[in-house]
Every structure is written in structure tokens, then in C-alpha cells.
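Input: a single structure, listed below in C-alpha cells.
All of the numbers you see were taken from the coordinates with simple rules; none came from a lab. Predicted, not measured: the structure shown is a model, and the values here were computed from it. Positions of Cβ are generated from backbone atoms using ideal geometry, with glycine treated the same way; all protein chains shown enter the neighbour counts.
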Amino acid sequence: MDVSSVLESLNEVQREAVAAPTGNLLVLAGAGSGKTRVLVHRIAWYIQTGQTNPYGILAVTFTNKAAAEMRSRIEVLLQKPAGGMWVGTFHGLAHRLLRAHWQEAGLPENFQILDSDDQSRIIKRVIRSMSLDESQYSPREIQWFINSQKDEGLRPQNIETHGDPEKQLLVKIYQAYQSLCDRSGLVDFTELLLRAHELFRDQEQVLEIYQQRFRHLLVDEFQDTNALQYAWLRILAGQNGSLFAVGDDDQSIYSWRGALVENMQRFQRDFDGCTLLRLEQNYRSSANILKAANTLIANNSSRLGKELWTDDEEGEKIDLYLAYNEHDEARFVVDRVATAKINGNYYCDHAILYRVGAQSRVLEEQIMQAGIPYRVFGGMRFYERAEIKDALAYLRLSVFIDDDASFERIVNTPTRGIGQRTLEELRNRARQDNISLWQSAVQTIQDKTVPERALNALERFLKLIAELRPDLKDIELGEVMDVVIKNSGLIDHFRKEKGEKGLARIENLDELVVAASEFDADKEEYGDMDPLSAFLSHAALESGDTQADSYTDYVSLMTLHSAKGLEFENVFIVGLEEGLFPHQRSSGDLLQLEEERRLCYVGITRAKVKLSLTYTQHRRLHGAEYYPQPSRFIGELPVEVLSEVRLGSSSGLSMFTSNENTSKSDTGLNLGQRVNHLKFGEGIVLNLEGKGSNARVQINFKETGSKWLVLAYANLQTEF
DNA sequence: TATCCGACCTTTTTT
DNA sequence: AGGTCGGATA
């Protein structure tokens, strides 16, 4: 094999990283600097120099999409399947370990995976069963508490409460939640990681197997690792393993879900002989775009430090558009996209990025009106849909009767006369005897401790599930799914739902049958699990990211967060306003503000050719009116790369005024304008009405709040 | 058991 | 504004 081919087409630093001697290496890789490329080539280098075969390599990422892309790029480079290599997400790999070592990990063979919705339902139940006030102990907060404890590697008994009764109670809830999960063989997402870590920590012989095997560990997006993931990598690497980590501290935007940028510094301390390389040459964006990105991010402190550069030319300036309101903003963007299309560009080279999901609606309205195909990313995923989870719950229960989450979900869906009273009885018994709801139901039927009518209903339910079971073994997966959906009565149930909704649900259920029949359990991923169990795991771990159809041309709408890792010729970032971006909830805290700035940096660096930024004078959000100040991030960009867009009266402006009926009297004032009043001081124009001597103006004064004034007497100063 | 009403919330997302 | 959720009601 010609080793040099792996190094061809790499720049000097990339080559240095790829061909570095085996050992611990941290690659600080800027946006668009070819970071995944380096990682993939590093793997090929290991193999082609004979340092290891695929069997000795473990490469880990955060999303299934990234993992799939990595694997396929490796295989392209090697020109053969990379069998035996472990490539996957932290959760996927942890899952694989736990399936292989379920006994050592103290799990039932058929353990089921809880997604966060399942988890939150269980937590609600636990709170209720402890007769706590739900309004005082919000399930959300408790879920957050439990997950962050687990992220820290903490079990209830390890948590120091310092006698704080509040915390003691939280720990008690955590405990109760965990024992419910344990007795019903349920593993939440974080638990996958925690158990996998404990497996390594406590089972020396297991750890040894994997330490021997995986001498070469590689991590992408290292800045996104949390404490537990870091600990897992560290224990697996041991003394003899080597870790190749690629990341960018400037793109760390997930601290709010436990990601620790500090892991990049820690890595250099904790891992022997760690070297640091910087990939700073950018192959994506024009010089102007990079200049904007570099200048912006330089406002952050405590960076590892790096500055992107490019051989590319200066390129176009960055457009900056001040819109009247969010409709005008949307119209501006859509107009630009439409024009680009007419000029021979593709829709799919365009992305519209926003800070919060709620901003997509107005954009969608405009883009729909223009008849432009688009896709909104994010939101409900396929396997998260209620009807899909219902159907899967039938399956899960049939393969693993102790799965309480599924039992609860479907015991009375569709309604079959098993009401709250009966359920309460089942739950109590389950808790008292530390058994699953299914076992509890069996005993309840034996002891006849509920009314006859409920008893019969319960019996019918158990029989329904039990009858599914023998059928499932022999027939093909799609057929299994079909039988489940038909026998469960879900179709009839949703048919009764009025409107489009029920219809859509039934279509989704059809789609589920297709998904099941097309599912092909990868032996590497799922070992010798039976196909049905493998499919259920798959459904839990891959929430069904709908693959972008490559043959349709559409504009992408997404949050800045979901844009990370992507690139587009043409990028619009909308809503650059104080309070929105940076978001209100981040603006009080310096660290959070810096994360917002990194988010902006991520957004800017998505653009290859053209970047446009917009903000508004007036925005309606959550039913309230805002007259926001321009985002500080605009002010942090170098003026020389910006170009302010002023529309002639023929385009956006006239459309705006005619459509919105906000044409104001000719007062010489604009909405959002700053004015000064002799008595009330400084304020901002909120509204105008009437004409001539009747004209009135509403002003939000800094000191005294909002007031209506007759313009003729107000004697406002507009320049000060 | 279905449906309606009002209280409540609303940053970002993956697994 | 718009969606979700839980409780009250028919």
C-alpha cells in the first residue's frame, strides 16, 4: 500500500497531525480547516503504516450523522470496508459495550433504552408517588439534576448534601427514579455512559480486553465532551493507549448541556506527552468573512488562541440590513434567495440561521408565499413522535415485559378501561414488592384486588401483549410491526382523531412499517442481538434524523446551533438584536455571553461566499412588542467588511408599507427612533398615529415608561 | 371518557 | 402568540 497517498492533498500542518508519531495529540482545528479530514486521514495512516488494523481503532463522535460520515469517508480513503473498527457516538459505543457485557454491568439482557421523554414521564410519576408538589418540584429541573449528577459520575449515595434538606430531597428523588429504572430494566441516555464507565472502572478483566484492543482512540468535536465522556476516554486509554483529539474551543456552544471546554486544557495535562497542533488555514470562507469571524471572536477571553487565514480572495462584503420588523426581515431574506435563484444559483446553497426556533415561523410564511422550497431542521424527529413511540412500546413490552415505561405508555392507549384507580393499585404494588408493573398486574389479577370490570380489561391487555410475543420470533420485522399496529388498535384510535393530525399519524405508522422492514441490523453495531431488539435499540438511539434528499433543491432553515458542522455558499443570520442574539437569558453572565459570541462565530463561519446579517427595529415575540437595540455583535465586526443595505422604495419597503398597513403619518419620526423630551428625557418611539395636528406618538421613556403624547406639543428633539 | 378551558411557559440539542 | 398540560365538566 502506498502510504504517501494518505498524505497527499494535505497541507503542512495537516500532514504533521496525520503522520505524528503515535501518542497523545490535540488538534486545535478552526472552522473549515479540514478537521474531520485530518481525523479520517489519521486513521488511514495508522492502518496503512501497519501500526494497527481497523480492529485496534475506536473513533467517537457526538451524532450518528457525524459517525456515519466518518465511517464512509474512512472507507472511501481505504477503498475497503473498515470492518472491526469501532466508529460511533459515545452513546452508541457505550450501548454496544453494555449489550456485550450486560451481566458484568448488572443489567438484564433485554434492557431497554429511555429517551428523554420517557425519562421525564418516569420522573413525573416518581414525584407523584412521593406525594410531592409537582409545581414546587418541576420535573424538568429534577430531570436536569439527575442527569447532571450522572454526568459527574455520581450515584445518589455519592452525593454530598451538606445537610441541605432541599438537596437531600433531590437525591431521594434521584434514588427513587433509579430504583424504578433498575427494577424495570431501563437505561436512560446518561445511564448508558455512566454504566459503561462503571463497567470499565469496576470490571478489570473487561477493561483490559478493551485497553488491549483499542490502542488508538480518536475523538471529534472534543470541545463538546462532558465530564463523563472525558473520564470514559481516559480510563479506556489507560497508560498505553493514545488519544487523538480534534476540537475547536471557539466553537464550544454546548456548555449548557454539560460540555466542558476545559477538557481541552485538561487533556494536555492528563495525557502523557500530549502535543498541540493548530489548524488555522481555512478552506471554506472568503477573506472578508474570516476577518469578521476573527475580529468578533477576539472579544472573548480565555481562548486557546488561533487565527484563521485563507489563500482565498477578499470576496464580497457582508451585507447588513436593518428591517422594520420581522416580516420585513423575512421578506428581505426571501427576496435575496429568489433573486439568487433567478441568477442561476441553487436554493440548497442557502441557509437562514436564527437564534431561537420561534423565529422560523415568520420566515416560513414568507418563503412559502414566494413558493420557494425549504426545509426547517430540528423539531420533532421520527422516532420521537407519539404514535411511533406508542407502537414501539407495544413491541418493547412484548420482548421485555418488565419495561415499565412502555407499560405505562400503552396500558390504556387506546383506552381499554384501565383507569387511574387501577393503575394506582398496580403502581403501589410494584413499588411495595419492588416488581415491575407487569408482574404487579399479574398478581393483581390473581388476587383480584381491583373491580371485576378493571380486572377483565387488565387481563385482556396482558393477553394482547402475550399473544404478540410468539408471533414475533419467526416473521420478518416489517410484518411484525404491521401486526403490532393492527392488533394494538392504534390505527382505529388515531382514525378517530379529527383533522389532519390523525391522518398524518397513520401515515407515520405506515412509515414505521417500512422503516422496520428496511432495517438491517449491522452485526458490528448490534452483535448477536435478535433483529427485533436491535431495531428497538436503533429506534431509541437514532431518533430518525430524516436524511436530506439530495435530489431536491431547497433552502435550509435552522438554528445557529444546528448549523454547526455545515457550510453554505450563502448564509443569512437573522435577528441580530440585543435580547435575542445574544439572548436575554445569557446577557447577564460573561461566560454565557462569550458562548453566545462563539455561536455567532459558528454562524459566520458557515458562509463560504456571501454572508448577510439582519436585525429589526421592531419585533413581536411571545405576543409582546420589542424595540430592540442592535446586537453588540454587529458592533464587534470590522466596519470595512460590512455593507449596509438600503432598499429603494421599489422593493421591500413599499411591499412592507402596503402589506402591513403600518403606513404612518408624515411626522418625520420612525418607529424605534431615539428621541429626547424636555421633561421625560430620553425614550424610544413605539408607535405613531393620526396626521397633522392630530398626530400622536407613543414613546417608551427610560425613566417614566411608555406614554402617548400629542406630537404638536411634545417638542421632541431627535438629535442629541 | 372526551372535551374544553385556563394556567403556564417559552434558548440553544444530541443521545 | 401559540402550544402543552392538567383539572374540571358534560
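Between the DSSP loop rule and a limit of at most 12 other Cβ atoms within 10 Å, which trypsin sites (Lys or Arg not before Pro) in region A:477-572 are left? Please list the in-between numbers first.
On the way: sites: A:Lys486, A:Arg495, A:Lys496, A:Lys498, A:Lys501, A:Arg505, A:Lys523, A:Lys564; in loops: A:Lys496, A:Lys498, A:Lys564.
The qualifying sites are A:Lys496, A:Lys498.
Compute the relative contact order of chain A as a whole-number percentage, counting only Cα pairs closer than 8 Å that sit 6 or more residues apart in sequence.
Working: 1131 pairs, mean separation 111.7, N = 720.
RCO, chain A: 16 percent.
Based on alpha-carbon centroids, what's the gap between region A:15-72 and region A:579-651 in Å, whole number please?
35 Å
Taking 0.36 nm per residue of sequence separation and subtracting the Cα-Cα distance, how much length would be gained by fully extending the chain between A:Lys496 and A:Trp309, in nm to one decimal?
Values: separation 187, 0.36 × 187 = 67.32 nm, distance 6.00 nm.
Taking 0.36 nm per residue and subtracting the Cα distance, the gain is 61.3 nm.
Using modelled backbone amide H atoms (1.01 Å from N, in-plane), which distant-in-sequence or interchain residues come within less than 5 Å of A:Glu569's amide H?
A:Lys608
At a Förster distance of 51 Å, what's the computed FRET efficiency of A:Gln136 paired with A:Val76, Cβ-Cβ distance as r, to 0.05? Please report the intermediate quantities before stating the final value.
On the way: r = 55 Å, r/R0 = 1.08.
It comes out at approximately 0.40.
Taking the Cβ-Cβ separation of A:Glu208 and A:Asn158 as r and a Förster radius of 30 Å, what is the calculated FRET efficiency to the nearest 0.05?
Details: r = 25 Å, r/R0 = 0.84.
Between A:Glu208 and A:Asn158 the formula returns 0.75.
Just add up the charged neighbours of A:Lys389: K/R +1, D/E -1, any other residue whose Cβ is under 12 Å from the Cβ of A:Lys389. Please list the in-between numbers first.
Details: positive: A:Arg121, A:Arg381, A:Arg385, A:Arg396, A:Arg409, A:Arg505; negative: A:Asp115, A:Asp117, A:Asp118, A:Glu384, A:Glu387, A:Asp390, A:Glu408.
So the surrounding residues net to -1.
Assuming R0 = 30 Å, can you tell me the calculated FRET efficiency for the pair A:Ser562 and A:Tyr283, based on Cβ-Cβ distance, to the nearest 0.05?
On the way: r = 22 Å, r/R0 = 0.74.
E between A:Ser562 and A:Tyr283, to the nearest 0.05, is 0.85.
Which peptide among A:239-248, A:71-80 comes first, and what is the full order, when sorted by highest mean count of other Cβ atoms within 10 Å?
Details: A:239-248: 21.1, A:71-80: 15.9.
With the highest mean Cβ count within 10 Å placed first, the list reads A:239-248, A:71-80.
Separation between the A:Lys463 and A:Phe382 pseudo-spin-labels, each 7 Å from Cα along Cα→Cβ, expressed in nm?
It is 3.6 nm.
At 7 Å along Cα-to-Cβ for each site, give me the label-to-label distance between A:Glu507 and A:Ser543 in nm.
Modelled inter-label distance: 2.2 nm.
Between A:Asp530 and A:Leu590, what is 0.36 nm times their sequence separation minus the Cα-Cα distance? Round to one decimal in nm. Show your work: numbers first, answer last.
On the way: separation 60, 0.36 × 60 = 21.60 nm, distance 5.08 nm.
The span from A:Asp530 to A:Leu590 would gain 16.5 nm if fully extended.
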